[in-house]
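J.: One structure follows; several queries about it will come next.
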Amino acid sequence: MRTSIALILVSCLAAACGGGGSSGFIPPVASNGASTTGTSSTSAPQGGSSSQVAPPAGPTTPVETLPVLAAATGATLGDCASLAGFSFANTTVTAANPIAAGTLAVAGKPVGAHCQVRGSMYSRTGPVDGQSYAIGFEMRLPVNWNGRFFYQANGGVDGSVATATGAVGGGGSLDNALNMGFAVISSDAGHQAPTPFFGIDPQARLDYGYQAVAKLTPMAKALIASGYGKGPERSYFGGCSNGGRHTMVAMSRYPDDYDGFLVGNPGFRLPLAAAANIVGAQNYNALATTPGSPGTGFTQAERTLVSQAVLARCDALDGATDGLVQDTGACQAAFDLDRDVPTCSGARDGSCLSADQKQRIGQLFAGALDGHGQKFYTSFPYDAGLGTNGWASWKFSNSLNLDSGAVGFIWQVPPETQAGFNGPSFTLTTSIDSILAKITATSVLYTESSLSFMTPPNSTDLSRLKKRGAKVMAYHGTSDPIFSSDDTQQWYDALAAANGGDASNFARFYRVPGMNHCGGGPAVDQFDMLTPLVNWVEKGQPAESVVASARGTGNAGGVNADLPAGWAVDRTRPLCAYPKVARYKGSGDVEKAESFSCR
């Protein structure tokens, strides 16, 4: 019975059931009682730059006008050392260190002088495993502050306090939020090691899922007020991967606390995505020439073969044969694995795929199935980045060594036994129906299922965020091997449907052709989405496109090893707001963004 109920729940979530922008849903206050009182929503005078939803045909209806929030104003930091005495409930400050200009750098540029404050919140001993827990954090407060706060949502299973700099999007960033003048916080999300075993503790699961944000936010704003004599006038939240998931959860649960949300390659249905990656590993292992080595079931030569076949069928759909598939939707309709890739008549040699490979790989791209043949995670687009090491590491290595532990300890009810746990064995031998049942289960000890504490409560009802003038910019690489860009695209389509068919006046989605997970791949993956997000929130200027660059030889942010040899080292392209596609104008240098338009 539990399995049947679990599968119904999974199917419901996979279809984004319960969505809708008119339900009047009010996100709950975190069960720990932390304040979710947000930043002021004072509106600036309206101007002609605000994006609006066109009225439907027929009787005239009022055009919806959303607030434009007032621009932040800066201040100068007071005495850094005095912040060592900062007092807030359930909080211990362990250090307040002045950091000289140039101690940190981004893309070779010295980051300005700032104050580093380190501490922890809600220190405790876990009643189940006896381990010590706390929500560790670091805040960096620039001497010359721009009046803004950035919550840096970190990736993976968290567990360490990364340097609080605030990424602006993509790979090899040329700038960061701290250098732009934001006060930035980073945290470990409630546990002190980047391993999954914290999932044995029920509260640590909830802190990782969503409650650490609710606890840290009011403390961080109070610390900012203590340092500058006023709190932040505008607050932003962003991250990639699990950080993108954190951001989408914050959008749903804490819409009053932040004004702008930067969502990168989000694993917003992370437990289901991990389960899908386990199904993938089992299928690749069934094809493997070396048992236990799933990568031999779909070799680099074979993946390159498929990538080249995708380009042969799809590259020119945007008007330019340039190694990028801009029109992802048209490509999925045009490309056919059976027709466009040769079928082996003999042994596999990298020039063909066997019939069994085509059947299994084709189904994985169409969407992972449970034991009853029902799809529980979305499709993946065929794209040009399948031959990269970044793609392979997620499918063939992380599925064995990361997804296994996350599923087994963080999301299952009950969790696995730590002693003797073998990740690869778990991935390759555990029934997917057993996994799906356990990640949807609860118990007296574990009162929330993983699909409750990990996912946005209602990802398509952002009405509260929308009405107060907050904005969302989301991006996703189309060659992401772990969190499908199709999943994010389907979320955005559902969000639009819940808002009269158009959500573009408060939320926009940008596909990044060829980009792997948060960066890399044959892609122009270097871009800044934080600046246009601020301009949208505080000036009412939505970004129809964002210019992205390739990271070739000499790039200050770091070289992308996946960059094709024939590309200009500084190639640029517009990342277009979905559903528009970057199309070649018919003339001009194909290496430059200005030769393309979004249409």
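The values are calculated or read from the model by the stated rules, or taken from the named source; none is laboratory data. Predicted model, so just to flag it, every value in this text is computed and none were measured. Note that we place each Cβ from the backbone using ideal geometry, even for glycine, and neighbour counts take in every protein chain shown. Remember, those area values only see protein heavy atoms, side chains included, never the ligands or the DNA or RNA. Shrake-Rupley method; radii C 1.70, N 1.55, O 1.52, S 1.80 Å.
J.: In the stretch 542-556, what residues are over 15 Å from Pro579 (Cα atoms), among the hydroxyl-bearing types (Ser, Thr, Tyr) and open to solvent by 40 Å² or more (accessible area, probe 1.4 Å)?
T.: Thr553
J.: While we're looking at this one, here's another question. Any chance the stretch 94-116 includes a residue that's touching a residue at least 60 places away in the same chain (Cβ under 8 Å), part of a strand (DSSP E or B) and open to solvent by less than 10 Å² (accessible area, probe 1.4 Å)?
T.: yes
J.: Restricting to the stretch 399-419, and then to whatever is open to solvent by less than 10 Å² (accessible area, probe 1.4 Å) and assigned to a loop (DSSP other than H, G, I, E, B), can you tell me which residue is farthest from Phe197 (Cα to Cα)?
T.: Among them, the one singled out is Val413.
J.: Given the criterion touching a Ser or Thr at 6+ places or on another chain (Cβ under 6 Å), part of a loop (DSSP other than H, G, I, E, B) and open to solvent by 10 Å² or more (accessible area, probe 1.4 Å), identify the matching residue among Thr321, Thr290, Thr296, Thr378.
T.: Thr290
J.: If you don't mind, another one. Restricting attention to the stretch 565-590, which residues are over 17 Å from Leu317 (Cα atoms) and either surrounded by 15 or more Cβ atoms within 10 Å (Cβ to Cβ) or within 24 Å of the chain's Cα centre (by Cα) (or both)?
T.: Trp567, Val569, Asp570, Arg571, Thr572, Ala577
J.: If you don't mind, there's one more thing I want to ask. May I ask you to verify whether Val547 is out of contact with any helix residue (DSSP H, G or I) (no Cβ under 7 Å at 6 or more places or on another chain), in contact (Cβ under 8 Å) with a residue 40 or more places away in the chain and not hydroxyl-bearing (Ser, Thr, Tyr)?
T.: no
Condition check ((1) surrounded by 22 or more Cβ atoms within 10 Å (Cβ to Cβ); (2) under 13 Å from the mean Cα position of the chain (by Cα)) across all residues:
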site	(1), (2)
Ala470	yes, no
Ala474	yes, yes
Gly477	yes, yes
Asp480	yes, yes
Ser484	yes, yes
Gln490	no, no
Ala497	no, no
Gly500	no, no
Ser504	no, no
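J.: Going residue by residue through the stretch 357-375, is there one that turns out to be open to solvent by 30 Å² or more (accessible area, probe 1.4 Å), of a type in the set (Lys, Arg), modelled with pLDDT of 95 or more and within 15 Å of Thr296 (Cβ to Cβ)?
T.: Yes; the residues of the stretch 357-375 include at least one that is open to solvent by 30 Å² or more (accessible area, probe 1.4 Å), of a type in the set (Lys, Arg), modelled with pLDDT of 95 or more and within 15 Å of Thr296 (Cβ to Cβ).
J.: Follow-up question, since we're still on this one. For the stretch 157-174, indicate whether the set of residues that are open to solvent by less than 10 Å² (accessible area, probe 1.4 Å) and over 27 Å from Met515 (Cα atoms) is non-empty.
T.: no
Residue-wise test of (1) out of contact with any helix residue (DSSP H, G or I) (no Cβ under 9 Å at 6 or more places or on another chain); (2) not charged (D, E, K, R).
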position	(1), (2)
Ala75	no, yes
Phe86	no, yes
Ala89	no, yes
Lys109	no, no
Ser123	yes, yes
Met139	no, yes
Asn146	no, yes
Asp158	no, no
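J.: Okay, moving on. If Tyr208 satisfies all but one of (1) over 22 Å from Ile482 (Cβ atoms); (2) buried (at least 24 other Cβ atoms within 10 Å of the Cβ), what's the number of the condition it fails?
T.: All conditions are met except number (1).
J.: What number goes with the only condition from (1) within 30 Å of Val524 (Cβ to Cβ); (2) assigned to a helix (DSSP H, G or I); (3) in contact with a helix residue (DSSP H, G or I) (Cβ under 9 Å, 6 or more places away or on another chain) that Gln357 does not pass?
T.: (1)
J.: So, one more: Restrict the check to the stretch 300-318 and report whether at least one residue is open to solvent by 20 Å² or more (accessible area, probe 1.4 Å), modelled with pLDDT of 95 or more, over 18 Å from Met515 (Cα atoms) and in a loop (DSSP other than H, G, I, E, B).
T.: No, the stretch 300-318 has no match at all.
J.: On to the next question. Starting from the stretch 172-185, keep only residues that are farther than 17 Å from Gly147 by Cβ, then list their pairs with residues that are among the polar types (S, T, N, Q) and part of a strand (DSSP E or B) whose Cβ atoms are within a distance under 7 Å, requiring at least 6 positions of separation or different chains.
T.: What qualifies is Gly172/Gln526; Leu174/Gln526.
J.: In the stretch 422-457, what residues are touching a residue at least 60 places away in the same chain (Cβ under 8 Å), open to solvent by 40 Å² or more (accessible area, probe 1.4 Å) and within 15 Å of Leu400 (Cβ to Cβ)?
T.: Across the stretch 422-457, the qualifying residues are Pro424, Leu428.
J.: Could I ask something else about it? Examine the stretch 329-351 for a residue that is part of a loop (DSSP other than H, G, I, E, B), open to solvent by 20 Å² or more (accessible area, probe 1.4 Å) and aromatic (Phe, Trp, Tyr), and state whether such a residue exists.
T.: For the stretch 329-351, residues part of a loop (DSSP other than H, G, I, E, B), open to solvent by 20 Å² or more (accessible area, probe 1.4 Å) and aromatic (Phe, Trp, Tyr): absent.
J.: Condition first: in a helix (DSSP H, G or I) and touching a Leu at 6+ places or on another chain (Cβ under 9 Å). Now tell me which residues in the stretch 426-441 satisfy that.
T.: Phe426, Thr427, Leu428, Ile432, Asp433, Leu436, Ala437, Ile439
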